[in-house]
Amino acid sequence: MKHGDKQHGKDKKPKHITELKPESNEAMDIRGIPTTVCPCGSMVWNLKTVFNQDDGSIELYFVDMECAQCGTLATAPTPVNGTLEE
Ligand SMILES: [Zn+2]
């Protein structure tokens, strides 16, 4: 460890960028109701997805998602046809 590291303290190892969470007390858990906009106003979500190998479109995604801005957990909306959960 060198001096000048931006972060020190509780986090012992650096997180991968996909695991970064805003350090915010505003994070909530509003899972259950399909949501497109976070209560914080963000419309960007982190979630797991599978791409279509032919055209690159999103073929499948998991409905558990997390706000990219505040870390709130929410449920992704699904298209009219059925659920993609599990
Ligand atoms: Zn948010």
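The values are calculated or read from the model by the stated rules, or taken from the named source; none is laboratory data. Model, not experiment: these values are computed from the prediction. Neighbour counts are summed over all protein chains in view; Cβ atoms, including those assigned to glycine, are modelled from backbone coordinates with ideal geometry.
Data for the structure
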read-out: Test result for T49, within 12 Å of the chain's Cα centre (by Cα), within 18 Å of L73 (Cα to Cα), away from the ligand (no atom under 16 Å from the Cβ) and modelled with pLDDT of 65 or more; value: yes
read-out: Hits in the range 47-67 (condition: farther than 20 Å from G32 by Cβ and touching a residue at least 24 places away in the same chain (Cβ under 8 Å)); value: L60
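Residue by residue, here is whether (1) among the polar types (S, T, N, Q); (2) within 16 Å of the ligand (Cβ to nearest atom); (3) modelled with pLDDT under 95 holds:
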| site | (1), (2), (3) |
| --- | --- |
| C40 | no, yes, yes |
| V44 | no, yes, no |
| G71 | no, yes, yes |
| A74 | no, yes, no |
| N81 | yes, no, yes |
| E85 | no, no, yes |
